[in-house]
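Values quoted throughout were computed directly from the atomic coordinates according to the rules given, and no laboratory measurement underlies them. Given the structure is predicted, the values throughout are model-derived calculations rather than measurements. Using ideal geometry, Cβ is built from the backbone for each residue, glycine included, and neighbour counts are taken over all protein chains shown.
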2 protein chains.
Amino acid sequence: MARRIAAVLIDLSGTIHIEDAAIPGAIQALKKLRSSNVKIKFVTNTTKESKRVLHDRLVRIGFTIDKEEIFTSLSAAHRLIESRKLRPYMLIADAAKEEFQDIDTKDPNAVLVGLAPECFDYEHMTKAMRILLDGAPLIAIHKSRYYKRQDGLAIGPGAFVTGLEYSTGCKAEVVGKPESSFFHTALEELGCSASEAVMIGDDVRDDVCGAMKAGLQGVLVRTGKYRPGDETNAEPRPTFIAEDFTHAVDYIMENYLRMV
Amino acid sequence: MARRIAAVLIDLSGTIHIEDAAIPGAIQALKKLRSSNVKIKFVTNTTKESKRVLHDRLVRIGFTIDKEEIFTSLSAAHRLIESRKLRPYMLIADAAKEEFQDIDTKDPNAVLVGLAPECFDYEHMTKAMRILLDGAPLIAIHKSRYYKRQDGLAIGPGAFVTGLEYSTGCKAEVVGKPESSFFHTALEELGCSASEAVMIGDDVRDDVCGAMKAGLQGVLVRTGKYRPGDETNAEPRPTFIAEDFTHAVDYIMENYLRMV
């Protein structure tokens, strides 16, 4: 199956860092991957933070990353909201709101949900429900079940999106991973096709299966939110399961990027 | 279809009262129904309040109701928890906790969810999720989509239960309406069978369809959480649709309780 690829998409949280700590070896492994001149994009559903905040953190941790290399589900959401002239009621983290500064939010005709611990309370959920019951669309930045925090697993926005779907009978439009459109838009920015790309991530559904359904190769890492057995029920099965990001990079360089 | 019945089950919130106000005419209509000597039970998923608190409120509003006539989903939950020796992490309102004072909650091995606006925040949901991911059962007092508050519709515990199911992959055991076991237990306390009983409520799914699937007749009232068109997708269709509780009582007395 070994073949040459042109682009590597890399998840952030749980794959190369957890909050303010790098995954051991990830800073060096990224440098090694860059030495191959493969195109790289960091694709993330981390909606707690704008691209700027995210970039600041990664640089502070010690990664060599350009801001334009980061592709987030917030950017995808912004594009959708703008194109449909929606005025969203936003359940998103304060830090993420700066990406939507140009969007009119008065008299809401849509609900936008990201990972927003400070908004996931009863009154915010009730207000969102009322807007949806009036027929407004529900846009989910992503539907993650949970994510890895330094103190353990923390619940994802998917729980609250699903709850709003249940109470209103509507179906959310998801813009982030694992939607195929998300991976394709990220690859467009690199000028590559799905068949030339591989995705590395810790979330078997959102990163690996999502990417594989979109036509990419998928490498699962056993860090971050990974739990033993995650791969057992995965459909399709990951192309490769790596111990961590370093192992994933070694596998990719050996199998896809070696000069022959 | 007219036939004699022996028991009337009556929903509380939205059917005979909304918060601290009686539905207009309901106090008199209940007196009129009592004059027929039919057996009456008030069956409720209102988990914000213990049976005592609920009873105090109804009496304060002006209803003539005996505390023992009230059958709540909290009692049903208590029975289940006790019989299975569960130690629940409880997302239930403070006022409801008095019904569980005798239950051990240390080192939780289950999650119990009711309507608990003050607990439906990110950290409570995260803690519940972690317990469930360890394999503990999820007990839902009910799965209401929303309920009627004086300022409009407010989101129901069903949203949060569904969210926990989504993030953990588990399936909640529901003890309240619309579960058939709930209606049957309420009728057992009256010594009646389902075929001898009619249920009146404002929730087409939880009250009316739930009761009808359990073998009762079902009368829907257009008050409380009722929204025009609710009956259109109901399966089975309500036996009768009444403007309000007074109209429902008139219908029942005329069709089921008239001396012939």
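Taking A:Gly62 in one copy and the same position in all the others, each labelled 7 Å out along Cα→Cβ, what are the pairwise distances from the first, in nm, shortest first?
Label point to label point, same position, other copies: 7.3 nm.
Based only on Cα atoms, what Rg/Rh ratio does region B:86-174 have, Rh being taken as Kirkwood's radius?
Numbers: Rg = 12.6 Å, Rh = 13.2 Å.
That ratio is 0.96, to two decimals.
Could you let me know the centre-to-centre spacing of region B:98-131 and region B:1-42, using Cα atoms, in angstrom?
Here the answer is 33 Å between Cα centres.
Within region B:86-174, what percent of beta bridges assigned by DSSP are antiparallel, to the nearest 5? Could you put the intermediate results ahead of the total?
Working: 4 of 13 bridges.
Counting only bridges with both partners in region B:86-174, antiparallel ones make up about 30 percent.
I'd like the Kirkwood hydrodynamic radius of region B:1-141, using the inverse of the mean 1/r over distinct C-alpha pairs, in Å. Mind dumping the intermediate values first?
Working: mean 1/r = 0.0598 Å⁻¹.
Averaging 1/r across every pair of different Cα atoms and inverting gives 16.7 Å.
Note the count of lysine pairs whose C-alpha atoms are less than 20 angstrom apart in region B:45-155, limited to pairs 8 or more residues apart or on different chains.
Total qualifying Lys-Lys pairs in region B:45-155 comes to 16.
Give the angle, between 0 and 90 degrees and rounded to the nearest 10, that separates the Cα long axis of helix A:122-133 from the longest principal axis of the Cα atoms of chain A.
80
Can you pull a Stokes-Einstein diffusion coefficient for the protein assembly as shown at 25 °C (0.890 mPa s), Rh from Kirkwood over Cα pairs, as a whole number of µm²/s? Show your work: numbers first, answer last.
Values: Rh = 25.2 Å.
Answer, rounded: 97 µm²/s.
Hey, for A:Arg87 with labels 7 Å out along Cα-Cβ, what do the inter-copy distances come to in nm, ordered shortest first?
Its label point is 5.3 nm from the equivalent points in the other copies.
Taking chain B as the reference, fit the longest principal axis to its C-alpha atoms, fit the long axis of helix B:73-83 to the helix C-alpha atoms, and give the angle between the two in degrees, 0 to 90, nearest 10.
For helix B:73-83, the angle is close to 50 degrees.
Tabulate in residue order the Karplus-calculated ³J(HN,Hα) for region A:181-196, using 6.51 cos²θ - 1.76 cosθ + 1.60 with θ = phi - 60°, rounded to whole Hz; enter x for Gly and Pro.
Each residue of region A:181-196 in turn: 4, 5, 5, 5, 5, 4, 6, 3, 4, 9, x, 10, 9, 4, 5, 9 Hz.
Calculate the mean, over all residues of peptide B:167-173, of how many other protein chain Cβ atoms lie within 10 angstrom of the residue's Cβ. Mind dumping the intermediate values first?
On the way: counts 13, 4, 2, 0, 0, 0, 0.
Per residue, the number of nearby Cβ atoms from other chains is 3 on average.
Taking the C-alpha atoms of region A:110-260, how large are the radius of gyration and the largest Cα-Cα span, Dmax, in Å?
Expressed in Å, the Cα Rg and Dmax of region A:110-260 come to 17.6, 61.
Return the FRET efficiency for the residue pair B:Arg34, B:Ala95: r is the Cβ-Cβ distance, R0 is 35 Å, and the value is rounded to the nearest 0.05.
Details: r = 28 Å, r/R0 = 0.79.
So, using R0 = 35 Å, E works out to roughly 0.80.
Report relative contact order for chain B in percent, whole number only (criteria: Cα-Cα under 8 Å, sequence separation at least 6). Intermediate results must be reported in sequence, preceding the final value.
On the way: 516 pairs, mean separation 57.7, N = 260.
Relative contact order, chain B: 22 percent.
Grab the other residues whose beta carbon is less than 11 angstrom from that of B:Glu189, score K and R as +1, D and E as -1, and report the net. Before the final figure, lay out the partial values.
On the way: positive: B:Lys39, B:Lys41; negative: B:Glu68, B:Glu69, B:Glu188.
Local net charge: -1.
What does DSSP give for chain A in terms of the percent of beta bridges that are antiparallel, rounded to the nearest 5? List each step's numbers first, then the result.
Values: 6 of 34 bridges.
The antiparallel fraction comes to roughly 20 percent.
Give me the percent of DSSP beta bridges within region B:105-260 that run antiparallel, rounded to the nearest 5.
Details: 4 of 16 bridges.
Roughly 25 percent of the DSSP beta bridges within region B:105-260 come out antiparallel.
Mind giving me the nanometre distance, one decimal, between the label points for B:Gln150 and B:Arg52, set 7 Å out from Cα along Cα→Cβ?
So the two model labels end up 2.5 nm from each other.
Please report, to one decimal in angstroms, the Kirkwood hydrodynamic radius of region A:18-78 built from all distinct Cα-Cα pairs.
12.3
Please report the equivalent ellipsoid semi-axes of chain A, computed as sqrt(5 x eigenvalue) of the Cα gyration tensor, largest first, in whole Å.
Values: eigenvalues 203, 64, 62 Å².
Output for chain A: semi-axes of 32, 18, 18 Å.
Given contacts defined as C-alpha pairs under 8 Å and at least six residues apart, what's the relative contact order of region A:84-174, whole-number percent?
Details: 143 pairs, mean separation 23.4, N = 91.
Reported as a whole number, the value is 26 percent.
Hey, what angle do you get for helix A:51-61 against the long axis of chain A, alpha-carbon based, 0 to 90 degrees rounded to 10?
Tilt relative to chain A: about 40 degrees.
Averaged over A:117-130, how many beta carbons belonging to a partner chain fall within 10 Å of each residue's beta carbon? If you can, show how the numbers build up before the last one.
Values: counts 5, 2, 2, 9, 8, 11, 4, 3, 8, 11, 3, 2, 8, 6.
Average per residue, whole number: 6.
How many angstrom lie between the C-alpha centres of region A:133-177 and region A:186-260?
24
Rounded to the nearest 500 deg cm²/dmol, what is the calculated helix-only ellipticity per residue at 222 nm for chain A, with -39500 (n - 2.57) per DSSP H run of length n ≥ 4?
Values: 8 runs with 81 residues, N = 260.
Dividing the helical sum by the residues of chain A leaves -9000 deg cm²/dmol.
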